[in-house]
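Undergrad: Handing you a structure now.
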Amino acid sequence: STMQMTEIDGDDDLYLPCTDICKTVVLDKRKGRGVVASTSLKPGTVILNVKPSIAVLYNEYAEAVCSQCSSAPTLTGRTHHNDKPNSIVSSCRTCKCDALCAICTAKSVSSESATEASAAKPSSSVHAHVCSWIRAAGINPHMDTDYIRFFLELAVRVQDGEMNLLHDINALCTCEEQQSKEFLEFAKSFSTKIYDQFRPMGMLLGQQTLYEAILRVKVNAVGFPIIKKHVEEAENDKKKRGHHKKAPVEEIIAGWAVHPFVAMFNHNCDPNCEVLCDEEGDIIVKTTRNVPAGEELCIHYVNLEMDVDSRSRELLEKYRFLCSCNKCKSDREQLKRQREVVAAAEAAKVRMLKSGALPKRR
């Protein structure tokens, strides 16, 4: 369906996606806005397909993932695309954080394809500008520079006239009142340092804009791209699994991205949607099961393989909320019962020791 723009009462400058299959509504004071299904949906239904407003790779994966299409041939083992061989063929020697695959490199040769690529992702001139600032500042390319690169790319693109990018970032909430004191102090210190270091080099974004940007990213960024890497199996494990089951896959979150539409999807530990990366490097939100009309469409913000305590801790630390989805409620109840059983057993053991029914340990 064709994406339309609909305005929500209360935020005159914030526009959200609306299609014939989903709509954005105000859920409640605790959750705020969310996306719900307008009609019943089948598994695999594409809810959203957008280009990231801005995407940043973690240093660890920046030389293994194409900055244009997010392909990762060495990580996934997919060395061909549409029957064409593909691999990472170039990466920036200065910042170690910009790589291109063979297919995107070939596309950039054509002026027409180069125009399309620059419209989809930051151009090589943007990276060159960012890289020159990093080099001039003497920043070690082996340290974690994802926040620094985010700030600098934001500054360069806005100064090049991409005011819609600044609008996208400012459309995200800061949740300043919910942020921890420690993170607010870090955001203030870090944004001031970036401002003081790069302002003399020509960066025009103000310190307050940088400060608010880091708050907005903290609670609105999604893990992206998610690289699905096939796990090596021993022959015995393959035989046990059999041919009817899929081979195990390890999900690698290679970076993070922001987009105001994607930020409208709330978290659930038993989500009915997933966030994917297509072959053009776009963000795809797709249903994973049957969804009845009126049900909220949710994604997951954290690794669902973690136990409920670990999930809760990470969600509270990163996103400043305690998840109360049905899975978390069920997991907490189960954990509570397990702890009660253990506590009862320990109490019974203590009583038996006191009564002399059990021999004391020497």
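Undergrad: Only one of (1) touching a Leu at 6+ places or on another chain (Cβ under 8 Å); (2) at pLDDT 85 or above; (3) of a type outside the set (Val, Ile, Thr) is not met by ARG33, so which one is it?
TA: For ARG33, the exception is condition (2).
Undergrad: Hey, among the residues in region 275-317 that are touching a Lys or Arg at 6+ places or on another chain (Cβ under 7 Å) and of a type outside the set (Val, Ile, Thr), which one's nearest to SER71 (Cα to Cα)?
TA: Of everything passing the filter in region 275-317, GLY281 is nearest to SER71 (Cα to Cα).
Undergrad: May I ask you to list the residues in region 135-153 that are among the hydrophobic types (A, V, I, L, M, F, W, C), part of a helix (DSSP H, G or I) and either farther than 22 Å from THR209 by Cα or modelled with pLDDT under 90 (or both)?
TA: Within region 135-153, ALA136 is the sole residue that qualifies.
Undergrad: Does any residue in region 258-283 that is at positive phi and assigned to a loop (DSSP other than H, G, I, E, B) come within less than 8 Å, Cβ to Cβ, of a residue that is aromatic (Phe, Trp, Tyr) and surrounded by 20 or more Cβ atoms within 10 Å (Cβ to Cβ) six or more places away or on a different chain, and which pairs are these?
TA: none
Undergrad: Examine region 323-343 for a residue that is open to solvent by 20 Å² or more (accessible area, probe 1.4 Å), closer than 25 Å to ARG216 by Cβ and within 20 Å of the chain's Cα centre (by Cα), and state whether such a residue exists.
TA: no
Undergrad: Of the conditions (1) exposed (fewer than 14 other Cβ atoms within 10 Å of the Cβ); (2) under 17 Å from the mean Cα position of the chain (by Cα), ALA254 clears all except one; give me its number.
TA: (1)
Undergrad: Also, quick follow-up: I'd like the residue in region 161-197 that is farther than 15 Å from GLU317 by Cα and aliphatic (A, V, I, L, M) and, out of all such residues, is surrounded by the fewest Cβ atoms within 10 Å (Cβ to Cβ).
TA: Per the stated criteria, the residue is MET163.
Undergrad: Inspect region 306-322 for any residue being modelled with pLDDT under 90 and open to solvent by less than 20 Å² (accessible area, probe 1.4 Å) and give the result as yes or no.
TA: Checked region 306-322: no residue is modelled with pLDDT under 90 and open to solvent by less than 20 Å² (accessible area, probe 1.4 Å).
Undergrad: List, please: which pairs have Cβ atoms under 8 Å, are six or more places apart or on different chains, and start with a residue in region 164-179 that is closer than 24 Å to ARG30 by Cβ and end with one that is assigned to a loop (DSSP other than H, G, I, E, B) and open to solvent by 80 Å² or more (accessible area, probe 1.4 Å)?
TA: These pairs meet every condition: ASN170/ASP13; ALA171/ASP13.
Undergrad: Can I ask one more? Under 6 Å between Cβ atoms, at least 6 apart or on separate chains: pull out the pairs that start in region 288-315 with a residue that is over 26 Å from ALA37 (Cβ atoms) and end on any residue that is among the basic types (Lys, Arg).
TA: Short answer, once both residue conditions are applied: VAL308/ARG332.
Undergrad: Quick check, is GLY294 open to solvent by less than 20 Å² (accessible area, probe 1.4 Å) and either outside any loop (DSSP other than H, G, I, E, B) or not charged (D, E, K, R) (or both)?
TA: Criteria not met by GLY294.
The values are calculated or read from the model by the stated rules, or taken from the named source; none is laboratory data. Treat the numbers as computed from the prediction; the structure is a model and nothing was measured. Heads up, the Cβs are rebuilt from the backbone with ideal geometry, glycines too, and the neighbour counts pull from every protein chain shown. Just the protein is used for accessible areas: all its heavy atoms, side chains included, with ligands, DNA and RNA removed. Shrake-Rupley method; radii C 1.70, N 1.55, O 1.52, S 1.80 Å.
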